[in-house]
Structure formats: structure tokens, C-alpha cells
Amino acid sequence: MQRHAPASRRDVGAFHGREARHLLTWGCGALVLACAVLSLGIGPTGLSLGSLPRAVLGAWTGSPGPETLVLLNLRLPRVLLGVFVGAGLAVSGAVMQGLFRNPLADPGLIGVSSGAALAAVATIALGNGLAAPLMRAFGVYALPLAAFFGGLATTVVLMAVARRSGTLLTGTLLLAGVAIAALCGSLTGILAYASDDRELRDLTLWSMGSLAGASWPKVVAVLPFTLLLLALVPRLTRALNGFLLGEAEAFHLGIDVERAKRLCVLLTAAATGAAVAVAGIVGFVGIVVPHLMRLLAGPDHRFVLPGSAALGASLVLLADIFARMAVRPAELPLGLVLAILGAPVFLHLVVRRGAGGGA
Amino acid sequence: MTALLVLDGVSVRLGHRAVLQQVSHAIPPGRLTVIVGPNGAGKSTLVRVLSGELPPAAGAALWKGVPIAALSAARLAGLRAVVPQAAVLAFPFKVHEVVALGASVPGFGLAGHRRSIERAMAEADIAHLAARTYTELSGGERQRVQFARALCQLFAAQTPEAETALFLDEPTSSLDLPHQSLLMQRAAAQARAGRTVVAVLHDLNLAAAWGEHVMAISGGRLAAHGSPREVLTAATLGSLYNARIDVATMPGSGLPVVLPNAGPAPT
């Protein structure tokens, strides 16, 4: 990632001062709240922004009208799901990029999402056969657990492949990730091929990512994994900053390198797996949101990680609003919307910053 | 004064190759020790063993009698800092942020952070680069930033100087002449303050000018050690590098001046 840009290049990070970065952190928080309110109040049926206060009041006083029921049973779980999926994926992306010292690393790109998807699809497709005991034992948690272990297994294989005498080779890692993603994709395809028409449609839509099936059990399923990641973020920032210098240098700075790596890998596999399990494959968040944060506030993980959480949640909420309003009463898949909205923005940012982007 | 750092029969294998074999030496405390030797002799490996990065296969590197390999990363961070050969950053950190990483070790406390950072940047002559982006700097400027980061770590640790060490792995390879002298002078100042300073150097004249003690490594073994005048002789260097090397004496200072000789190797 080395390059010598001309000296005239714009300074990195418009919000690079200490106070400005705190302002940015608060701004991100406010953005999430605003997006959440919009997402609660905008939808094809039943509840509008204007009637949102009445619906909230109904829930408060315990005299629920139809608007309150829409709010509590449809919109609120969907908003919470969007927040957890968006925050989880964006932070996972930021952590992986820091861990692998490569701005292209992303759970989606290096096959972790595909591994999680394969495990989840296998659980769905074999739900009445081989995986039946698993479904019975873990109930609503079976799918996130399967996706978690699928993502974890993929990450462990990747790290084993890309490791040479103690160092993680990022080039090898990305290439191996592409290969593993292709392998998992084809195995998922075989499972899909063996499915009936209804399952096939479910699987296809699911692979494009969506919050349409939001429900309280799904919120409960993704909650612990994302919260665990977010709760441990403060403990990761210093290690990830140290990793940017190199693993040996991180060790010199007093970081227990192997422990920090294991923690990063486990947490991102868990959060990615859980997000994939409840919302399907939602790409793009994990790579673009940390990029945006680095452009705004510089590469310090003390700001990149919390900022990515807020920005990721906001982006997913906004994309989801668009997904359910653009072709109502039908819905667009969330993953497609994010790619359509985000890819041009991403491209613009890369071009504006000069070849390669640096961040 | 007993040595802070002692090598006790250190052997290291990387793959099938014995990189260090039975190296035993007490590194003089409060001095600037220079490690010299041909490429692949094991100089950097020796620094990696001393910094705790690489546990020896046999023998031990000791810090005040305690095996360094047994100390935790966090504990070691308060005892020694390392200037790496070359550090590539994947993301565009500002120079002052890279230096501040040296003070970000937990347990250092926050007192004096800012002063440690500023002092380190001043000593490495990079104060004017503070707001620049690290990835845009030249190789030599990056080396000075890494030097500042290591100094910052030592300053922020607030461990008594006599219990700390500074390791430099070819710290001058990309520096211009004045900055080579400046960096060695600052490293020597740390030694005068009581720290044990160990630098791997390829430039034998720099070793002669700044080294107070020289360790010559060849084929993973300690081939010679002593003062620059004792070790940097035509005979010792000739067998160390297996090449003809001339050594003159600087009039005035009396320091050895090392010159390569283009003739065939001695037999």
C-alpha cells in the first residue's frame, strides 16, 4: 500500500482535529437516531411519520391501536435488525482491514460471508434431515450459530493458508478468500439445486440480503453477537492501531499479538455470521463504511471503529427505507440497493483521492 | 556494574537453518553496543531474541537474570523499545500519531504523554514533519519517525534508565550523512543516560565512530567482541567478511577508517 502521492494532495481527514473528531462522533450518533426515526415512520402501509407520535403514545399508555401494532411488530424489530446488522458488518470490516493491514479486506470479500451463508443454507436445506437435532436443540439460535461456525471455519482456514512463518500474507489471503468464496458459493448452489421451487426462491432472495423477514426472535438472535463485538471494540482499538505498523512492531508496543488476533477473528466471524443468518448476504457495508470513516476522521481506530458502527447502521437503515419504498408494495433486496447506492459513491471517493485511495 | 542484558548460550533455528549458535555475551550496560557482520550472519535475529520477539531454541537471553522470553509483551514494552529496519504503514497516519503510538502502551499512565511525544520528535529532528502523513514521507524520514516512536516509548514508560534498553536494527540505512550522525548521537545520548543501547550497523565507519563496544557476528556465532579499535582491524574484518578490507587511522581522532579493497579475497 505504499505510494508517494504529490505533496499537493489534500490533507487526509476533514475532521482530523481532536475536537472535530469528537463532533463527528456525536454527529454519527445523531445520524443513527435520525435514520431510526425515519425508518420507523416510513413504510408502504399502516404507519406514517405524521402518525408516529400517536403510535408511540399508544404503546406508552398501553392502549395499542393498529398503528401501534405496526410499530411494535413490524417497524421496530426491522429498525433494530438494521442497526445491528449494519453496525456489526461495518465494524467487522474495519477490524479485518486493520488486522490484515489491507483496506480491501472485508468479511464479504475474503469469503467469511460465503462460509457463513453455506452453513446457514445447509441448516435450512437439511433442517428436516441431518440438521434436525441441531434445529431442535438450539431453536431460533440454530441458524446464527451455524452461520457463526461457518464464518469462523472459513476464517481459520484462510489464516492457516495465508500464514508463512508467523506472518499473515495479505495477498495470499485475498486470493485464497476468492477461492474459498467460490467453493462455498458452488456448494451453496448445489444445495439450492436440490431444493424445491419455494425454497429456491427463498434462498435466492436471501443471497441478495434483506430485512423483510424482521421479527423479534431474529433481533434476539443477532443481538448478543453484535453487542459482544461492540462491547469489545474499546479493547481492540490500541491493538489494531499497533497492527498498522506491523505485527513485530505491535509486539514491541506491548500488544499480545496472537491473543489480539484471535479475538479479532472470533468477534468478526461471530458478528458477520449472525448478520448473514438474519439478513442474508449484505455486502458492501463492511468495505465502504470504514473507508468513509477514514476519509472523514483519519485512520485512528479509536474513531474508525465507533464511527463505522454508527455510519454502518445509518447506511443500512436508509438503504432499507429505499428498498421497501422504491417499488412498493413489492420490495427490493437490501444487498442490491446497497450496491447500487454505494458502489458509485465508493468509486467517486477512490477517484477523488487518487489512484489506490491510500486509506 | 552488572550487565542488564546477558546472552547465555543462545541458539536459534529458523526452519532447518541454525541462525544463531551458542552465543554467550554480557552486553555492557549504559553503553552503545554495535553489532556488525556479513549479510545473513544472524544480527537481526540476535536483536529479535533480545527484544523478546523470538524465543531461543536453546539457552536464554536474560534481562536482570530473568529469561526475556518469559516476560509478557506489556511488561517488555516498559523495558525496551525497538527501531525496526523498515516499517510500512497500511493506512495514512499522521507523523505525530505514529510517534504517539509509542506512548499508547497501557500501564504507562497519561502523565507526561504530550511531553514525551514532543521531546521524542525534537530529538529525532522531525518536529517539522508532525502534521505530515507518514505514507507520503521518504524512506529516511520514516526511519526518523520510527526512531522518535521508540524514544517516545522509552520516555513515556518512565522506567529507571538503567533498567531499560533501546534496540536499533539498521537505523541509518536510508539516512543522509548529517542525519546518520544525528541519530547515532541521540542513540549515544540514551546510552550516556544509562540505557543499554544495541544497534545493528552495516556501515563500519559509523560503527567505529559511535560504537563503544562491538560484537562481530559471523555464521550465527560471536566471532569477536571488544572496543572498536580491537575489533575493527584489517585482520578481524578480513576473516569476518571473507574479503580484503583495509583499515586506516583517522589523524586527530585516532578512529579506525574502514575501506573495501577491490582485490581478491585472502586465502
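All of the numbers you see were taken from the coordinates with simple rules; none came from a lab. Predicted model only: the values in this text are computed from it and were never measured. Cβ placement follows ideal geometry from the backbone for every residue including glycine, while neighbour counts extend to all protein chains displayed.
Annotations
- Count Lys and Arg as plus one, Asp and Glu as minus one, and take only other residues whose Cβ is under 15 Å from that of B:Asp203; the net charge is then -2.
- Taking the number of Cβ atoms within 10 Å of each Cβ as an exposure proxy, the fewest-first ranking of A:Leu253, A:Leu76, A:Leu236, A:Leu143 is A:Leu76, A:Leu236, A:Leu143, A:Leu253.
- Anisotropy class of the stretch B:116-210 from Cα gyration tensor, a/c 1.5 cut: oblate
- Projecting the Cα atoms of A:Gly62, B:Gly15, A:Trp216 onto the charge dipole of the protein assembly as shown (Cβ charges, centred on the Cα centre) puts A:Gly62 farthest toward the positive pole.
- Tail fraction, Cα-Cα pairs, chain A, threshold 27 Å, whole percent: 47 percent
- Prolate/oblate/rounded call for the stretch A:52-118, Cα gyration tensor, a/c under 1.5 rounded: prolate
- Ranking of A:Thr45, A:Thr123 by neighbouring Cβ atoms within 10 Å, starting from the fewest: A:Thr45, A:Thr123.
- Sequence-distant lysines (8 or more away, or on other chains) whose Cα lies within less than 17 Å of B:Lys94: none
- Put a plus charge on the Cβ of each Lys and Arg, a minus charge on the Cβ of each Asp and Glu, and nothing anywhere else: the dipole of the protein assembly as shown about its Cα centre is then about 380 debye.
- Average partner coverage of B:80-89, which counts Cβ from other chains inside 10 Å: 4
- For A:240-249, mean number of other protein chain Cβ atoms within 10 Å: 6
- Residues of type aspartates and glutamates that B:Lys43 reaches as a straight line, Cα spacing below 20 Å, ignoring anything fewer than 8 places off in the same chain: A:Glu247, A:Glu249, B:Asp8, B:Glu53, B:Asp169, B:Glu170, B:Asp203, B:Glu212, B:Glu230
- Neighbourhood net charge (14 Å Cβ-Cβ; Lys/Arg +1, Asp/Glu -1) for A:Ser215: +3
- Here chain A is assigned +1 on the Cβ of each Lys and Arg and -1 on the Cβ of each Asp and Glu. Its dipole about the Cα centre then comes out at about 640 debye.
- Most mobile of A:Ala120, A:Ala36, A:Ala137 in a GNM of chain A (Cα contacts under 10 Å): A:Ala137
- Placing unit charges on each Cβ (+1 for Lys and Arg, -1 for Asp and Glu) gives chain A a dipole about its Cα centre, and among A:His252, A:Leu158, A:Ser92 the Cα reaching farthest toward its positive end belongs to A:His252.
- As a rough footprinting exposure proxy, the listed residues B:Val257, A:Val276, B:Val214 were ranked by other beta carbons within 10 Å of their own, and the order from fewest upward is B:Val257, B:Val214, A:Val276.
- Averaged over the residues of B:132-143, the number of partner chain Cβ atoms lying within 10 Å of the residue Cβ comes to 3.
- Multiplying each eigenvalue of the alpha-carbon gyration tensor of chain B by 5 and taking the square root yields semi-axes of 30, 23, 17 Å, largest first, rounded to whole angstroms.
- Packing around the peptides A:80-90, B:26-36, A:225-235, taken as the average count of other Cβ atoms within 10 Å per residue, puts them in this order, highest first: A:80-90, B:26-36, A:225-235.
- Overall, the stretch B:115-159 carries a charge dipole of about 100 debye about its Cα centre when +1 sits on the Cβ of Lys and Arg and -1 on the Cβ of Asp and Glu, all other atoms neutral.
- Selected from B:Val145, B:Val197, B:Val19 as most flexible by GNM, with chain B as the system and alpha-carbon contacts under 10 Å: B:Val19
- In units of the rule-of-thumb radius 2.2 N^0.38 Å, the stretch B:159-256 shows an alpha carbon radius of gyration of 1.13.
- Ellipsoid equivalent to the protein assembly as shown - semi-axes via the Cα gyration tensor, in Å: 56, 26, 21
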